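Quick notes on the structure that follows.
The values are calculated or read from the model by the stated rules, or taken from the named source; none is laboratory data. Just so we're clear, the structure is a prediction, and the values are computed from it rather than from any experiment. Using ideal geometry, Cβ is built from the backbone for each residue, glycine included, and neighbour counts are taken over all protein chains shown.
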């Protein structure tokens, strides 16, 4: 049985609410925003690397470490932008209703959660270039990036007001 939605009625105050929302310039950050989870560095005396550092190495690559760029954030943005725009277009009235009824936080968190799912999809469908020796023989970077799920667990969103 489908749930009946009430018809959203336009109220002149809604235009002011929508304008205030737009002027507030809210931001939704998606990615590896910080982590207490730390991994040992490759150098015996080096500092440990956290999830943010590891994400940067994979996103942009490291010639010194033999790791080619294995973008999971930029490639998600490139591959999912049209999909996101279509989803937003199909739900314009719901977006408008949430913003005008004072639930913009809910809307912004839904946007963040959707993009986190898109990044997870990128991991599920990964076709990253292989890591070069000597790091490939350890399989450590693949293990952290894919097998342990450590990087995946580090991907989150945050709403800035």
Exercise. Could you list, in sequence order, all residues of the stretch 27-58 that are closer than 30 Å to residue 102 by Cβ and either crowded, with 16+ Cβ neighbours inside 10 Å or modelled with pLDDT under 85 (or both)?
Key: 28, 30, 31, 33, 34
Quiz item: If a residue has to be within 24 Å of residue 20 (Cβ to Cβ), over 17 Å from the mean Cα position of the chain (by Cα) and in a helix (DSSP H, G or I) to count, how many in the stretch 87-104 make the cut?
Solution: 11
Quiz item: (1) in contact with a helix residue (DSSP H, G or I) (Cβ under 7 Å, 6 or more places away or on another chain); (2) farther than 26 Å from residue 16 by Cα; (3) free of Cβ contacts under 8 Å to residues at least 24 places away in the same chain: which one isn't true of residue 107, the others all being true?
Solution: (2)
Practice problem: Could you list all residues from the stretch 109-144 that are at pLDDT below 60 and in a helix (DSSP H, G or I)? | Solution: 135, 136, 137, 138, 140, 141, 142, 143, 144
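Here are 85, 17, 6: which of them is farther than 29 Å from residue 121 by Cα and either at pLDDT 80 or above or in contact with a strand residue (DSSP E or B) (Cβ under 7 Å, 6 or more places away or on another chain) (or both)? Let's see the steps before the verdict.
Details: 85 fails: farther than 29 Å from residue 121 by Cα; 6 fails: either at pLDDT 80 or above or in contact with a strand residue (DSSP E or B) (Cβ under 7 Å, 6 or more places away or on another chain) (or both).
Answer to the selection: 17.
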